[in-house]
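*Asks:* Right, I'll just put the structure down here and ask away after.
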Amino acid sequence: MTEQEIKNYVRIYETERKKVDFKLRDLLKGRDPISLYVPASYILKSSGKRLRPILVLLSAKVAGGKYNQVFNAALAVEMLHNFTLIHDDIMDKAELRRGRETLHKKYDLNSAILAGDSLLSVAYEYLLKDCNGNAKKALASFTHGLVEVCEGQSLDTDFETRERVTIDEYIIMITKKTAMMLKMSCELGALLVEAKPRDIKALSEYGLNLGIAFQIQDDLLDIIGDEEKFGKKVGGDLIEGKKTFLFLKALEKAKENDRNALLEVVRNKGIKRSEVNKYKMIYEKLGVIDDARKEIQLYTNLALKAVDRISKNRNIGIFYWLANSLIKRNQ
């Protein structure tokens, strides 16, 4: 990939991200009651990577369609994603999201719950604007993505009370909670432009594997990331007692003192902030940071193999750039 190609892909991504940001900023403007829509607007104005809507757009384009055919659907996916974030933050008692106060902290619990519900409802309104001959399949894909996220969140919550969780179980959980949304984003973009079945399948598999790599990278950044860039407290997963890929891999490899220390995280349902560095050193000693990097690369490679199957003469370079940039991100 040449430097010029990379610049071009960055330009395309940033151009579309800014369009999504601009539309989301005023998407709920003028709706009443303001007690519902002002909090909902607050989270939509919190600009992030906008990865999911961009995947909708890029998938439509590579499948032979145009951005404007799926732009409303892309907005719908981002609203759905933010609905899940609001409820996730409430359940995790999180204080920061993308470097800003979480919705329930800025307003209150009831306002946050209702704001999330409103985003889900408006998401369906926007999705329907782009539905055409494939409306039934598109709605089914969108709804299935929502169901999977809820199942994944439930599994994540279950894991908090279980002393033993396997890495295979963890992969199933993040597949549902994180990866299925990326899979759905790719699938939806292709469905709405009535792509060839083989292209829909290839893009779906790209999104799925990219999503798994993305979540394990998130786990990794939680322990090695820059707090200012990451937008969340580093070590937060350990503080909350979450069973991430790194934690489970460490528990699998640890012996004696290290194993006992890790089991204390489970028994105490988390650690003190002052102990984060101690556990980071255990991770480094056991080599699980490198294990995580290898796992991220494994799923990234699977994503790239999938997108390679897109019909010939399509420009898939931006999918390569996107996958590689996500696994090298520091936030």
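The values are calculated or read from the model by the stated rules, or taken from the named source; none is laboratory data. Everything quoted here is computed from the prediction, not taken from an experiment. We place every Cβ from the backbone using ideal geometry, glycine too, and count neighbours over all the protein chains shown.
*Asks:* Taking GLU160, is it over 22 Å from LEU75 (Cβ atoms), surrounded by 15 or more Cβ atoms within 10 Å (Cβ to Cβ) and among the charged types (D, E, K, R)? Can you show your working first?
*Replies:* Numbers: over 22 Å from LEU75 (Cβ atoms): yes; surrounded by 15 or more Cβ atoms within 10 Å (Cβ to Cβ): yes; among the charged types (D, E, K, R): yes.
Yes.
*Asks:* Which of the residues that make up the stretch 313-331 are in contact (Cβ under 8 Å) with a residue 24 or more places away in the chain and assigned to a helix (DSSP H, G or I)?
*Replies:* GLY317, ILE318, PHE319, TYR320, TRP321, LEU322, ALA323, ASN324, LEU326, ILE327
*Asks:* crowded, with 21+ Cβ neighbours inside 10 Å and farther than 22 Å from PHE214 by Cβ: does that describe VAL265?
*Replies:* So VAL265 passes the test.
*Asks:* Next question, about the same structure. Among the numbered criteria (1) at pLDDT 95 or above; (2) more than 30 Å from LEU139 (Cβ to Cβ); (3) surrounded by 18 or more Cβ atoms within 10 Å (Cβ to Cβ), which one does LYS253 miss?
*Replies:* For LYS253, the failing item is (3).
*Asks:* Suppose we keep only residues that are of a type in the set (A, V, I, L, M, F, W, C) and surrounded by 14 or more Cβ atoms within 10 Å (Cβ to Cβ) within the stretch 268-290. Which one would you say is farthest from ASP92 (Cα to Cα)?
*Replies:* Step by step, filter the stretch 268-290, then rank; the result is LEU286.
*Asks:* Checking LYS19 against (1) more than 21 Å from the chain's Cα centre (by Cα); (2) surrounded by fewer than 21 Cβ atoms within 10 Å (Cβ to Cβ); (3) within 29 Å of ALA135 (Cβ to Cβ): exactly one of these is not met. Which one?
*Replies:* Evaluating LYS19 over (1) more than 21 Å from the chain's Cα centre (by Cα); (2) surrounded by fewer than 21 Cβ atoms within 10 Å (Cβ to Cβ); (3) within 29 Å of ALA135 (Cβ to Cβ) leaves (1) as the failure.
*Asks:* I would also like to ask the following. Just give me the residues in the stretch 46-99 being assigned to a loop (DSSP other than H, G, I, E, B), over 30 Å from VAL234 (Cα atoms) and either among the aliphatic types (A, V, I, L, M) or within 16 Å of the chain's Cα centre (by Cα) (or both), in sequence order. Before the answer, list the steps.
*Replies:* Let us first name the residues in the stretch 46-99 that are assigned to a loop (DSSP other than H, G, I, E, B), namely 46-50, 63-66, 70, 93-95, 98-99.
So of that shortlist, the ones also over 30 Å from VAL234 (Cα atoms) come out as 63-66, 70.
ALA63, VAL70, listed by residue number.
*Asks:* Name, by its number, the condition in (1) surrounded by 18 or more Cβ atoms within 10 Å (Cβ to Cβ); (2) in a helix (DSSP H, G or I); (3) touching a helix residue (DSSP H, G or I) at 6+ places or on another chain (Cβ under 6 Å) that does not hold for ILE310.
*Replies:* It fails just one condition, (2).
*Asks:* To continue, here is another question. So how many residues does the stretch 94-148 have that are touching a Lys or Arg at 6+ places or on another chain (Cβ under 9 Å), over 13 Å from TYR42 (Cα atoms) and of a type in the set (D, E, K, R)?
*Replies:* Of the residues in the stretch 94-148, 2 are touching a Lys or Arg at 6+ places or on another chain (Cβ under 9 Å), over 13 Å from TYR42 (Cα atoms) and of a type in the set (D, E, K, R).
*Asks:* Here is a follow-up. Would you pick out the residues in the stretch 129-154 that are crowded, with 17+ Cβ neighbours inside 10 Å and under 18 Å from ILE90 (Cβ atoms)?
*Replies:* Within the stretch 129-154, LEU146, VAL149, GLY152, GLN153 qualify.
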